[in-house]
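Each remark here refers to the structure printed beneath this line.
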Amino acid sequence: MAVIAAFAGSAIGLGNIWRFPYLVGENGGAAFILIYVVFTLVLSLPIFLAESAIGRGSQVNCRAAVSFLVPGRAGRWFGFLMVLTPLWLLSYYSVVGGWSMDYLIRALSLEFIHSTPDQLAGNFERFISHPWMPMLFHLSFLGMAAAVVAFGVKSGIEKFCKWSIPTLFVLIVLIAVYSLTLPGANRGVEYLMKPDFSKVTAHTFIDALGQSFFSLSLGTGIIITYSSYIKKGENLMVAGVGTAVSDLTFALLAGFAIIPAVFSAGIEPGAGPTLIFDTLPFIFSNLAQQMPFLSAVVAILFFAAIFIAALTSAISLLEVGVAYLTEEKEMSRGRACALLFVLCGAFGTLCSLSFGPLSRVRLLGLNLFDFADSAASNVFMVLGSLISVILAGWVMPRSELFRELTNGGTLRANARLFPAARFLLQYVTPIGILTLILSSML
Ligand code: PFF
């Protein structure tokens with residue numbers, strides 16, 4: 001359970017509560033969900049198994065693990081990419097983590113309840129473009145993640161995830177129940193359940209794939225790093241399926257918590273990345289006119305859920321770099337956390353300022369935050385995932401992959417599933433990923 005909780009802690013995060021609902025809203029609802037679920041089971045789960053087998057097989061940080069399989073310069077670079085990707089991601093992820101922290105404080109101070117919807121209009125825009133406030137929250141959020149990681153894997157990460165993940169499930173179920181009882185929520189439910197394939201384009205598939213990788217934390221060295229701490233007796237297939245199922249369930253619950261509420265308030269679900277921060281306070285304020293107490297409680301629970309989910313994922317992002325620095329550069333955990341806090345804090349600050357003072361700085365037509373996000377989820381993570389499946393499917397000896405996924409053949413059910421899993425790994429996943437990349441370029 002502790003292993004699944006740590007994996008789920010990494011997987012369940014802003015990707016489920018912030019990214020998933022707005023992508024569903026932008027891509028027409030149920031059809032997107034269907035594609036996303038299929039991709040997770042057919043493409044992402046095999047990548048998860050590949051990365052966990054590499055990690056536990058090698059028992060070292062992800063840069064060294066990749067170098068074992070690919071000696072020489074290429075291996076060093078691949079491994080390095082997997083250490084850098086999560087740090088890159090963490091830099092802008094903690095900007096959004098900072099927003100969730102600010103919104104939790106606003107919910108606690110009952111701001112949404114005491115303001116009229118009109119007074120809240122433009123609030124989020126004003127906040128993210130402020131010259132220093134979001135930066136301060138970003139750094140505080142990052143500092144908290146660094147503090148937990150500094151305590152180590154057993155006393156920091158495992159302990160934190162063991163209580164926070166069940167708490168998150170309880171919170172999101174409560175919020176979904178509340179949301180489903182709102183007047184007009186049934187239109188949202190229909191949107192989530194009745195696929196409209198006329199809205200599906202090549203982009204829908206790419207968005208669904210990127211979201212599936214992002215949500216399961218694939219291609220970033222995290223699964224490799226966490227798996228290197230797993231004991232030999234644990235069942236990797238059960239850990240993989242358990243993580244994927246809890247991640248999917250949580251995403252769907254988040255969809256049912258947010259989309260019906262959005263419909264009930266008569267708001268368009270396709271608002272994009274600002275969806276939850278922009279529309280939810282508005283919904284809470286609207287409802288406060290009839291039920292102020294309930295509305296205040298749900299607002300607090302909601303932003304607390306986002307904040308906790310973001311923090312457990314940020315912790316996993318940091319652990320990859322810390323494992324590398326402590327194992328290869330013999331740095332203490334405290335020092336490694338401090339160094340990475342400075343580096344990610346600096347890059348994240350630039351991303352944070354890209355909504356305000358640095359909004360004119362553009363790379364490939366995008367501001368720094370959007371550039372960082374699209375480079376991470378559309379390029380680095382896809383590349384990292386592709387490298388992992390090729391390593392596990394084609395470079396790692398079959399016997400070694402078999403040993404890791406079946407515990408030396410002692411897990412009978414796994415041994416029976418092994419040929420299918422290896423087939424997915426060797427052919428279906430790499431061909432699927434390449435096809436989607438090529439089709440998105442056309
Ligand atoms: N899976 C996390 C989420 O859904 O928010 C984000 C994430 C964490 C992505 C760790 C990648 C990663 F390596």
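So which of 37, 42, 24 is of a type in the set (A, V, I, L, M), closer than 18 Å to residue 200 by Cβ, within 16 Å of the ligand (Cβ to nearest atom) and surrounded by fewer than 24 Cβ atoms within 10 Å (Cβ to Cβ)?
37
Among the residues of the stretch 183-219 satisfying the criterion of being within 16 Å of the ligand (Cβ to nearest atom) and either surrounded by fewer than 13 Cβ atoms within 10 Å (Cβ to Cβ) or of a type in the set (Gly, Ala, Ser) (or both), which is farthest from residue 84 (Cα to Cα)?
Keep residues of the stretch 183-219 that are within 16 Å of the ligand (Cβ to nearest atom), which gives 207-219.
Still in the running and either surrounded by fewer than 13 Cβ atoms within 10 Å (Cβ to Cβ) or of a type in the set (Gly, Ala, Ser) (or both): 208, 210, 212, 215, 217, 219.
Working: 208: 24, 210: 18, 212: 20, 215: 18, 217: 14, 219: 11 Å.
In this case the residue turns out to be 208.
Could you list, in sequence order, all residues of the stretch 122-150 that are in contact (Cβ under 8 Å) with a residue 40 or more places away in the chain and more than 20 Å from residue 306 (Cα to Cα)?
Answer for the stretch 122-150, where residues must be in contact (Cβ under 8 Å) with a residue 40 or more places away in the chain and more than 20 Å from residue 306 (Cα to Cα): 129, 130, 131, 150.
For the stretch 261-272, check the following and say yes or no: at least one residue is more than 30 Å from residue 80 (Cβ to Cβ) and among the charged types (D, E, K, R).
Checked against the condition, which is being more than 30 Å from residue 80 (Cβ to Cβ) and among the charged types (D, E, K, R), the stretch 261-272 yields at least one hit.
Return the residue satisfying two criteria in turn: it lies in the stretch 76-109 and is in contact with a Cys (Cβ under 7 Å, 6 or more places away or on another chain) and under 17 Å from residue 51 (Cα atoms), and of such residues it is farthest from the ligand (Cβ to nearest atom).
79
Go through the stretch 220-231 and give me each residue that's crowded, with 22+ Cβ neighbours inside 10 Å and either more than 8 Å from the ligand (Cβ to nearest atom) or of a type in the set (A, V, I, L, M) (or both).
Correct list: 222, 223, 224, 225, 226, 227.
Any chance the stretch 32-39 includes a residue that's over 17 Å from residue 244 (Cα atoms) and either out of contact with any Lys or Arg (no Cβ under 8 Å at 6 or more places or on another chain) or touching a residue at least 12 places away in the same chain (Cβ under 8 Å) (or both)?
yes
So that you can scan it fast, the table gives a plain yes or no per residue for (1) part of a helix (DSSP H, G or I); (2) within 19 Å of residue 14 (Cα to Cα):
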{"position": "118", "(1), (2)": "yes, no"}
{"position": "126", "(1), (2)": "yes, no"}
{"position": "130", "(1), (2)": "no, no"}
{"position": "135", "(1), (2)": "yes, yes"}
{"position": "141", "(1), (2)": "yes, yes"}
{"position": "144", "(1), (2)": "yes, yes"}
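Please go through the stretch 295-318 and pick out each residue that is within 10 Å of the ligand (Cβ to nearest atom) and of a type in the set (S, T, N, Q).
If the condition is that a residue be within 10 Å of the ligand (Cβ to nearest atom) and of a type in the set (S, T, N, Q), then 312, 313, 316 are the ones that fit.
Check off (1) more than 29 Å from residue 125 (Cβ to Cβ); (2) of a type in the set (D, E, K, R); (3) in a helix (DSSP H, G or I) for residue 330 and give me the number that stays unchecked.
Result: residue 330 passes all but (3).
Does the stretch 148-162 include one or more residues that are within 16 Å of the ligand (Cβ to nearest atom), at pLDDT below 85, assigned to a helix (DSSP H, G or I) and crowded, with 23+ Cβ neighbours inside 10 Å?
Yes, some residue in the stretch 148-162 is within 16 Å of the ligand (Cβ to nearest atom), at pLDDT below 85, assigned to a helix (DSSP H, G or I) and crowded, with 23+ Cβ neighbours inside 10 Å.
So in the stretch 7-21, with the set limited to residues that are of a type in the set (A, V, I, L, M, F, W, C) and closer than 8 Å to residue 247 by Cβ, which one is farthest from the chain's Cα centre (by Cα)?
Only one residue tops the list, namely 8.
From the list 287, 275, 343, pick out the single residue that is surrounded by 22 or more Cβ atoms within 10 Å (Cβ to Cβ) and away from the ligand (no atom under 16 Å from the Cβ). Steps first, please.
Numbers: 275 fails: away from the ligand (no atom under 16 Å from the Cβ); 343 fails: surrounded by 22 or more Cβ atoms within 10 Å (Cβ to Cβ).
When all the criteria are applied, what remains is 287.
May I ask you to verify whether residue 304 is among the hydrophobic types (A, V, I, L, M, F, W, C), within 23 Å of the chain's Cα centre (by Cα), surrounded by fewer than 24 Cβ atoms within 10 Å (Cβ to Cβ) and assigned to a helix (DSSP H, G or I)?
For residue 304, the condition - among the hydrophobic types (A, V, I, L, M, F, W, C), within 23 Å of the chain's Cα centre (by Cα), surrounded by fewer than 24 Cβ atoms within 10 Å (Cβ to Cβ) and assigned to a helix (DSSP H, G or I) - is met.
Name the residues in the stretch 151-190 that are touching a Pro at 6+ places or on another chain (Cβ under 7 Å) and farther than 21 Å from residue 307 by Cβ, would you?
Listed by number, the residues that qualify are 180, 182, 185, 188, 189.
Restricted to the stretch 360-377, and to residues that are away from the ligand (no atom under 16 Å from the Cβ) and of a type outside the set (A, V, I, L, M), which residue is farthest from residue 95 (Cα to Cα)?
Here the answer is 365.
The values are calculated or read from the model by the stated rules, or taken from the named source; none is laboratory data. Everything numeric here is computed off the predicted structure, so don't read it as measured data. All Cβ positions, even for glycine, are placed from backbone atoms using ideal geometry, and neighbour counts span all protein chains on display.
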